[in-house]
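**Student:** Got a structure here, written out as structure tokens. Questions coming.
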Amino acid sequence: MSPLSGATGSQHAAILGIGGYRPSRVIPNSEVIAAIDSSDEWIQQRSGIRQRRWAAPHETVQMMSVDAARKAIDRAGISAEQIDCVIVATVSHMLQTPAVATAIAHELGTNKAAAFDISAACAGFCHGVALASDMVRGGSVGHALVIGVERLSDLTDLHDRGTAFIFADGAGAAVVGPSDEPRIGPVVWGSDGEQFDLIRQKEDWRDVVGTPDRPGTGTMPHLMMQGNPVFRWASYAMAKIGQQALDRAGVSIDDLDVFVPHQANMRIIDAMARSMKLPERVRIARDIAEQGNTSAASIPLALERMIDDGEARSGDTALLVAFGAGLAYAAQVVTVP
Ligand code: COA
């Protein structure tokens, strides 16, 4: 017989508080098209984006994260010392190591919480919520903080008409903790590495710096995207993932109040809603119009906006569906805090 005693956690987990940070610089389409051959009309028709926000120099990944996290912790009604783990989903922290999560945990005043970054691009926040929920239920933590944060303006080629109008900056955070009933449903997640090249950093760091036999490019390795195949994949396959998350949580469409898909393109959001046959009374997040695609931050920011606007109420049942580079995806049903 094993001499070890196992960890035991809370029977159930919940999102206890959500917070967001939106950078101060509002960038309308008219400013983006100055560097690309495009128009405000085309961008609005094809993506639904009217404006986005790009961070000013002082709005760093860490600064935006801490601000969003403080709001989430405050709304959860706990103190920073009660956070046992900080998970930061990001692809735009500019140091390969260490993780930005440790600096964030320290600045927040957690009691030396475990802290690490995860890289699952636009699906990162929902991956983090899944991990946090399992940690709470498994007994590894009392409370976990999940942050989705990006400064994609640092990684975007402002002269690339396929991406310049899409990507944006911001941070969203959620406190995950114990619950007396299930308020985070089972995750449905996966990846399709066959489509690894559809959205990716153009060059790796050795191509930038150079190797003994090859000179480097010496320029920022920007994000590149083959938009149309991603668009078709997301519109078709992600509705099925959303439906599977509902099924696994035992929630019927009739019990769903709120739909918060990754904010990548308004037409993808509409296609998913149509394909899932969502009734009109289900409120749908449409933060993309004002915020652009903030990757890992998009779902918590969109949910926060709905809560602030009274479109999502405490106790509502919400479906989250996230997808992006990898390709990677994750979806779960949660109760709105
Ligand atoms: N402005 C004006 N015209 C543009 C343009 C721009 N910024 N970008 C492309 N076009 C043109 C193309 O040249 C093409 O012209 P053509 O028909 O004369 O050849 C036409 O518009 C259609 O291009 P296409 O790439 O097929 O457009 P689309 O309908 O797929 O829309 C995106 C482009 C990027 C908006 C869309 O593909 C998309 O949102 N993809 C998914 C993004 C996403 O979900 N990312 C995942 C998570 S990060």
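The values are calculated or read from the model by the stated rules, or taken from the named source; none is laboratory data. The structure presented is a predicted model; accordingly, all values stated were derived computationally and were not measured. Every residue, glycine among them, receives a Cβ derived from its backbone with ideal geometry; neighbour counts consider all protein chains shown. Just the protein is used for accessible areas: all its heavy atoms, side chains included, with ligands, DNA and RNA removed. Shrake-Rupley method; radii C 1.70, N 1.55, O 1.52, S 1.80 Å.
**Student:** Could you tell me the accessible area of TYR329 in Å² (1.4 Å probe, neighbours in place), rounded to the nearest ten?
**Tutor:** Approximately 40 Å² for this residue.
**Student:** Give me the accessible area of TRP205, 1.4 Å probe, in Å² rounded to the nearest 10.
**Tutor:** Counting only protein heavy atoms, the figure is 110 Å².
**Student:** Determine how large the accessible area of ASP247 is when every protein chain is in place; take a 1.4 Å probe and give Å² rounded to the nearest 10.
**Tutor:** The accessible area comes out at roughly 100 Å².
**Student:** Now, a different point. Choose one answer from PRO261, PRO300, PRO23: the residue with the largest mean-square fluctuation in a GNM of the chain with alpha-carbon springs under 10 Å.
**Tutor:** Largest GNM mean-square fluctuation: PRO23.
**Student:** Stretched out fully, how many nm does the piece from LYS277 to VAL251 gain, at 0.36 nm a residue minus the Cα gap?
**Tutor:** Details: separation 26, 0.36 × 26 = 9.36 nm, distance 1.45 nm.
Value of the extension gain: 7.9 nm.
**Student:** To the nearest 20 debye, what is the magnitude of the charge dipole of the chain about its Cα centre, counting +1 on the Cβ of each Lys and Arg and -1 on the Cβ of each Asp and Glu? Don't skip to the end; give the middle numbers.
**Tutor:** Working: 29 positive and 39 negative charges, 53 e Å.
Around 260 debye, computed over the chain.
**Student:** Top to bottom by accessible area (1.4 Å), largest first, where do LEU303, LEU4 land? Write out the running numbers ahead of the final one.
**Tutor:** Values: LEU303 5, LEU4 140 Å².
The ordering from most to least exposed comes out as LEU4, LEU303.
**Student:** Checking the a/c ratio against 1.5 first, then a/b against b/c, what shape does the Cα gyration tensor give for the chain? Write down the numbers at each step before the final one.
**Tutor:** Working: a/c = 1.59, a/b = 1.22, b/c = 1.30.
Oblate shape, in that a/c is at least 1.5 and b/c is the bigger or equal ratio.
**Student:** Express the relative contact order of the chain as a whole percentage, based on alpha carbon pairs under 8 Å and six or more residues apart in sequence.
**Tutor:** On the way: 859 pairs, mean separation 85.6, N = 337.
RCO, the chain: 25 percent.
**Student:** How would LYS71, LYS277, LYS240 line up by accessible area, probe 1.4 Å, largest first? Show your work: numbers first, answer last.
**Tutor:** On the way: LYS71 75, LYS277 160, LYS240 105 Å².
If we order LYS71, LYS277, LYS240 from most to least accessible, we get LYS277, LYS240, LYS71.
**Student:** Per DSSP H run of n ≥ 4, the term is -39500 (n - 2.57); total these for the chain, divide by its residue number, and report the mean residue ellipticity at 222 nm rounded to 500 deg cm²/dmol. Please list the in-between numbers first.
**Tutor:** On the way: 10 runs with 105 residues, N = 337.
After summing the helix terms and dividing by residue count, I get -9500 deg cm²/dmol.
**Student:** Report relative contact order for region 12-179 in percent, whole number only (criteria: Cα-Cα under 8 Å, sequence separation at least 6).
**Tutor:** On the way: 381 pairs, mean separation 59.9, N = 168.
In percent, rounded to a whole number, it is 36.
**Student:** Have a look at GLY162, GLY324, GLY227 and tell me which one the Gaussian network model of the chain (Cα, springs below 10 Å) gives the largest fluctuation.
**Tutor:** Sorting by GNM fluctuation, first place goes to GLY227.
**Student:** Quick one: which residues, 5+ away or cross-chain, put their amide H under 5 Å from the amide H of GLY17? H built at 1.01 Å from N.
**Tutor:** Amide H neighbours of GLY17, under 5 Å, 5+ apart: VAL175.
**Student:** Amide H to amide H, which residues 5 or more places from ALA120 or on other chains are under 5 Å from it, using H placed in the peptide plane?
**Tutor:** Counting only residues 5 or more places away or on other chains, the set is THR90.
**Student:** How large is ³J(HN,Hα) for each residue in region 291-301, as worked out from phi by the Karplus curve 6.51 cos²θ - 1.76 cosθ + 1.60 (θ = phi - 60°), to whole Hz, x for Gly and Pro?
**Tutor:** Along region 291-301, the couplings run 10, x, 9, 9, 6, 4, 8, 5, 6, x, 5 Hz.
**Student:** Given a 10 angstrom Cα cut-off, can you work out which residue in ILE43, ILE87, ILE268 is the most mobile in a GNM of the chain?
**Tutor:** ILE43
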